[in-house]
Amino acid sequence: MDKCRSQDNLARCNCTWEPCSRKGICCECLAYHWRSRELPACFFPDPVEKTYDRSLGRFISIYKDK
Ligand code: SF4
């Protein structure tokens, strides 16, 4: 089993929600948000991430024409 690359992940993480125990542990982050049909912070541009709206609807509204 590969080791978690949480330090590398943290370097790329744009999440501004503090504190969060899942930060850098992407598998937990994804599972946590997907339970509520949301997506992790890194799926959103920084200005949207800061609103903490991680809903599928917001994601689709951003990317539907891309
Ligand atoms: S996106 Fe959500 S679960 Fe992931 S680090 Fe940020 S607050 Fe935590």
Check the range 28-43 and report whether any residue there is more than 17 Å from residue 59 (Cα to Cα) and of a type in the set (Lys, Arg).
-> no
Taking the range 45-66 and keeping residues assigned to a helix (DSSP H, G or I) and in contact with an Asp or Glu (Cβ under 8 Å, 6 or more places away or on another chain) leaves 56
Complete set of residues in the range 52-64 that are within 12 Å of the chain's Cα centre (by Cα), surrounded by 16 or more Cβ atoms within 10 Å (Cβ to Cβ) and of a type in the set (D, E, K, R) | 54
Please specify each residue of the range 22-48 satisfying the condition of being among the charged types (D, E, K, R) and closer than 17 Å to residue 9 by Cα.
-> 22, 23, 28, 46
Selection from the range 52-66 of residues that are more than 15 Å from the ligand (Cβ to nearest atom) and hydroxyl-bearing (Ser, Thr, Tyr) | 61, 63
May I ask you to verify whether residue 47 is within 10 Å of the chain's Cα centre (by Cα) and closer than 21 Å to residue 66 by Cβ?
-> no
Taking into account only those residues within the range 1-51 that are aromatic (Phe, Trp, Tyr) and more than 8 Å from the ligand (Cβ to nearest atom), which is least open to solvent (accessible area, probe 1.4 Å)?
-> 44
Identify the single condition in (1) in a loop (DSSP other than H, G, I, E, B); (2) modelled with pLDDT of 95 or more; (3) out of contact with any Leu (no Cβ under 8 Å at 6 or more places or on another chain) that residue 31 does not satisfy, given that it satisfies every other one.
-> (1)
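The values are calculated or read from the model by the stated rules, or taken from the named source; none is laboratory data. The model shown is predicted, which means the values in this text are computed figures rather than measured ones. Glycine also receives a Cβ, built like all others from the backbone with ideal geometry; neighbour counts cover every protein chain displayed. The protein model used for the area step is the full one, side chains on, heavy atoms only, and it has no ligands, DNA or RNA in it. Shrake-Rupley method; radii C 1.70, N 1.55, O 1.52, S 1.80 Å.
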